[in-house]
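See structure below.
The values are calculated or read from the model by the stated rules, or taken from the named source; none is laboratory data. No experiment lies behind these values; they were computed from the predicted model shown. Backbone-built Cβ (ideal geometry, glycine too); neighbour counts: all protein chains shown. Keep in mind that these areas ignore ligands, DNA and RNA; they rest on the heavy atoms of the full protein, side chains included. Shrake-Rupley method; radii C 1.70, N 1.55, O 1.52, S 1.80 Å.
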Amino acid sequence: MVKKVAIVGAGISGLLACKYTLSKGFSPIVFESRSSIGGVWINTLETTKLQTPKLFYQFTDFPWPSSVVEDFPDRQQVYDYVHSYATHFDLLKYIRFSSKVQSLDYEGPSDEDMQAWSLWGGTGEPFSSKGKWNLSVQDTQTLSTQVHQVDFVILCVGRFSDVPNIPEFPHDMGPEQFHGKVIHSMDYAEMDNESAAKLIKGKKVTVVGLQKSALDIAMECSSANGISHPCTVVYRTEHWNIPDYLPWGVPLAYLYFNRFSELLVHKPGEGFLLALLATILSPLRWGISKFVESYIKWKLQLEKFGMVPKHSFLAELNSCLISTVPKDFYKRVKEGSINLKKAQSFCFNKDGVLLDNDKAEVVMTDLVILATGFKAVDKLKDVFLSPKFQTHISGRPENAVPLYRECIQPRVPQLAIIGFSESISNLYTSELRCQWLVELLDGRFKLPNISDMEKDIAKWDEYLKEYSGKKYYRRSCIGALHIWYNDQLCKDMGRNPKRKNGVIAELFQPYGPWDYSYG
């Protein structure tokens with residue numbers, strides 16, 4: 001009997017999961033709450049462009065069309081590319097649009113029985129005759145609800161949507177005190193271009209945050225209003241946002257995305273010789289980081305604007321916080337159409353934003369846009385009805401979200417998570433994970449016991465904390481260790497992890513999607 005696999009989300013990871021489960025003869029059904037595929041690319045800012053060079057952001061078996069000549073395609077080009085992929089592989093017929101998964105409920109052994117398991121699912125197998133998942137799915141148009149029972153669930157819900165992170169404020173100092181309007185960047189991105197332009201036109205806008213969405217929104221406000229109504233960007237921490245991927249003319253991929261670059265860091269599960277080599281080469285690791293930092297400081301004149309970060313570029317990279325600075329961003333700062341304000345906290349009064357809760361420093365404003373991220377872990381865990389599963393999925397707040405190979409929670413059976421853990425190039429990382437997952441579902445390999453998987457998860461968590469720094473540590477990010485991570489997946493699948501021709505190429509050529517075609 002064909003196994004039923006439910007896939008939650010029709011973003012890039014969901015489409016990949018659908019395609020690869022089909023390749024193994026499974027019966028996928030994709031639930032998408034919106035009316036379109038594309039995930040985060042459905043609703044983006046008008047000026048949004050791809051953050052990663054398109055060479056590194058492509059499917060292994062479906063290259064970009066020749067008509068897209070830009071290295072960083074715009075939002076419509078990315079959406080069209082993703083839609084073409086789904087059409088080419090005939091995936092749309094497996095997707096149920098306007099179908100929101102409200103809850104997941106596991107029907108099988110009791111919590112007490114599962115607690116005693118030493119192997120994933122009790123047997124180490126991905127499927128079980130004793131266990132099924134029940135998905136409560138609401139039709140968002142009719143509001144009717146149906147329950148679907150399946151053999152396996154793949155969650156592809158992503159990190160950057162649906163549940164906005166709204167900061168907490170002191171009593172009587174929250175947005176309700178403000179006479180203007182406060183929205184999250186998610187709300188702004190979901191507006192059509194005309195409505196968004198109308199919202200910001202002629203207003204003093206304050207943007208909270210310094211990541212990509214904040215920078216893009218600030219640029220749009222600056223373009224709309226100029227120096228007559230400057231946009232204020234309130235931020236807590238300076239970041240190594242990059243002007244381009246060519247520090248001093250050297251492609252960044254040759255500095256951080258080849259095997260040699262990974263010899264410079266201590267890796268989870270490495271042996272004695274690799275550990276010794278990483279220790280010996282640590283000065284070079286420091287030097288490369290300083291090399292990149294010197295370029296960014298020079299190119300963007302960061303010292304002039306007081307925007308030099310206190311942490312290293314390597315820490316930024318290992319925290320998955322790298323983003324590109326929009327062209328002319330600091331030119332706008334210089335001319336006065338964008339003002340930068342640093343504060344460790346902020347709150348509101350009737351006139352605007354108080355920095356560091358200081359009533360003496362008030363940013364007078366009409367509109368506040370919170371580019372403060374999303375509560376990704378809450379979004380992930382809250383879909384489970386079982387409190388036990390919620391705890392297993394979220395893990396300890398001070399540790400990484402506990403996923404083996406960034407895909408499997410060892411104590412949650414018959415379920416995988418794809419696309420939640422970030423990387424520098426999320427598309428091909430998700431594709432390789434989907435290749436790995438379907439080989440697991442097909443019985444080509446088995447997982448270690450639960451104890452060994454949890455030990456491996458802890459090792460990766462230690463790596464992240466060591467190289468990202470405690471302050472910048474992110475709970476789901478493989479950082480600048482893509483090849484070592486991909487090697488583990490390849491070895492599990494019985495594939496040769498070395499994908500280049502020759503020793504020199506293996507050491508120094510960058511790795512990318514072209515190295516991981518299936519088969």
Q: Please arrange 194, 316, 406, 176 by accessible surface area, largest first, computed with a 1.4 Å probe and ligands excluded.
A: 194, 176, 406, 316
Q: Whenever you get a sec, compute what percent of the accessible area on region 1-68 sits on carbon and sulfur atoms (1.4 Å probe).
A: 58
Q. Averaged over all directions, how much area does the convex hull of the C-alpha atoms of region 193-254 cover when projected, in nm²?
A. 5.7
Q: State the cysteines of the chain left without a partner when partners are defined as other cysteines whose beta carbon lies under 4.7 Å away.
A: 18, 156, 347, 407, 434, 490
Q. Is region 101-141 rounded, prolate or oblate when judged by the Cα gyration tensor, a ≥ b ≥ c being the square roots of its eigenvalues, rounded requiring a/c under 1.5 and prolate requiring a/b larger than b/c?
A. prolate
(Q) Can you tell me the length gained on complete extension of the stretch residue 272 to residue 140, counting 0.36 nm per residue apart and subtracting the Cα distance? (A) 42.0 nm
Q.
When a/c reaches 1.5 or more, the comparison of a/b and b/c decides; with that in mind, is region 1-78 rounded, prolate or oblate per its Cα gyration tensor?
A. oblate
Q: Compute the FRET efficiency between residue 284 and residue 375 as 1/(1 + (r/R0)^6), taking r as their Cβ-Cβ distance and R0 = 35 Å, and round to the nearest 0.05.
A: 0.35
Q. Accessible area per residue of region 454-514 at 1.4 Å probe, in Å²?
A. 47
Q: Keeping all protein chains in place, calculate the accessible area per residue for region 292-390 (probe 1.4 angstrom), answer in Å².
A: 44
Q) Treating the beta-carbon of each Lys and Arg as +1 and of each Asp and Glu as -1, no other charges, what is the dipole magnitude of region 376-519 about its Cα centre, to the nearest 20 debye? A) 160
Q. In region 248-325, what percent of the accessible surface is made up of carbon and sulfur (1.4 Å probe, ligands and nucleic acids excluded)?
A. 68
Q. Rounded to the nearest 20 Debye, what is the dipole magnitude of the chain about its Cα centre when Lys and Arg each give +1 and Asp and Glu each give -1 at the C-beta?
A. 700
(Q) Straight-line reach from residue 342: which aspartates and glutamates fall under 15 Å, measuring Cα to Cα and dropping same-chain residues less than 8 apart? (A) 238, 303, 356, 358, 361
(Q) From the phi angles alone, apply the Karplus equation (6.51, -1.76, 1.60; θ = phi - 60°) to region 2-16 and give each ³J(HN,Hα) in whole Hz, x where the residue is Gly or Pro. (A) 5, 7, 8, 10, 8, 10, 9, x, 10, x, 4, 5, x, 5, 5
Q: Determine the calculated [θ] at 222 nm for the chain from helices alone, applying -39500 (n - 2.57) to every DSSP H run no shorter than 4 residues and normalising by the residue count; nearest 500 deg cm²/dmol.
A: -10000 deg cm²/dmol
Q.
Before I look further, what does region 174-237 give for accessible area per residue, probe 1.4 Å, in whole square angstrom?
A. 42
**Q.** Listed residues 393, 370, 243: farthest to the positive end of the dipole of the chain (Cβ charges)
**A.** 243
Q: Give me the distance between the Cα centres of region 113-179 and region 229-292, rounded to whole Å.
A: 34
Q) What is the spread of the Cα atoms of region 352-482 along each of their three principal axes, largest first, in whole Å? A) 64, 35, 26
(Q) Going Cα to Cα from residue 465, which lysines come in below 19 Å? Please leave out same-chain ones fewer than 8 positions away. (A) 267, 310, 455
**Q.** Difference of contour (0.36 nm per residue) and Cα-Cα distance, residue 147 to residue 72
**A.** 22.8 nm
Q. Expressed as cubic angstrom per residue, what is the convex hull volume of the alpha carbon set of the chain?
A. 162
**Q.** region 358-432 shape via C-alpha gyration tensor axes, a/c threshold 1.5
**A.** prolate
Q) At a 1.4 Å probe radius, carbon and sulfur cover how many percent of the accessible area of region 377-440? A) 49
Q | Degrees separating the helix 426-441 axis from the principal Cα axis of the chain, which is the longest one | A | 20
Q) For region 97-170, what value does the Rg/Rh ratio take when both radii are computed over Cα atoms and Rh is the Kirkwood radius, given to two decimals? A) 1.10
Q) What percent of all Cα-Cα pairs in region 238-342 falls in each 10 Å bin, counting up from 0? A) 13, 42, 27, 13, 4, 1
Q: With the convex hull built on the Cα atoms of region 121-271, state its orientation-averaged projected area in nm².
A: 18.3
